[in-house]
Amino acid sequence: FADAAQTIGVGAAFTNNGSSDAVNMGPPNQPAFTISAASIGKAIGEGSPTDSAPIAWAADAGSIVASSGDLGVTFGFIRAHKPETGRPGATPFITVWRRASVNDPWRYVAE
């Protein structure tokens, strides 16, 4: 997901890896949730390049997967490739993942 964003852009990565019923809390100035991978991808990708990503992220703080293998959580940090002066170097994130069966791909359902 994060690796794909580096070559196809953040918006496309969010669109391609999310569930149709995914929710995203969005930026602090947007009080409502964004719902669906397509809407989240559009909102997050707005103004970003489509062949790269201005940020990188990884589950460098950990992950937890249910023993059933169909629900998981990743958490880590988002880092800008070119940090802005006065902005934090890393922003924490948490992502909830789901898959229909152990043979299906993981899709994020909450960001």
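The values are calculated or read from the model by the stated rules, or taken from the named source; none is laboratory data. As the structure is a computational prediction, the values presented were derived from the model and not from experiment. Methodologically, a virtual Cβ is constructed for each residue, glycine included, from the backbone with ideal geometry; neighbour enumeration extends over all protein chains shown. Side chains included, ligands, DNA and RNA excluded: accessible areas come from the protein's heavy atoms. Shrake-Rupley method; radii C 1.70, N 1.55, O 1.52, S 1.80 Å.
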Give me the net charge of ALA56's neighbourhood, meaning all other residues with Cβ under 13 Å from the Cβ of ALA56; Lys, Arg count +1, Asp, Glu -1.
-> 0
Solvent exposure of the stretch 1-89 as accessible area per residue, Å², 1.4 Å probe = 62
What is the distance, in nm, between label points placed 7 Å from the Cα along the Cα-to-Cβ direction at PHE75 and at SER52?
-> 3.2
What list of whole percents do you get for P(r) of the chain, with Cα-Cα distances grouped in 5 Å bins up to the one holding the largest distance?
-> 3, 12, 19, 25, 23, 12, 4, 2, 0
One finds, for GLN30 and SER67 with R0 = 35 angstrom and r their Cβ-Cβ distance, a FRET efficiency to the nearest 0.05 of 0.45
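Residue separation times 0.36 nm, minus the C-alpha to C-alpha distance between ALA38 and SER101: what's the value?
Net length gain for the segment: 20.4 nm.
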Nitroxide proxy distance, nm - points 7 Å out along Cα→Cβ at ASP3 and PHE93 = 1.6
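What per residue convex hull volume, in Å³, comes out for the stretch 50-111 when only alpha-carbon positions are used?
Spelled out: Cα convex hull of the stretch 50-111, divided by residues, is 100 Å³.
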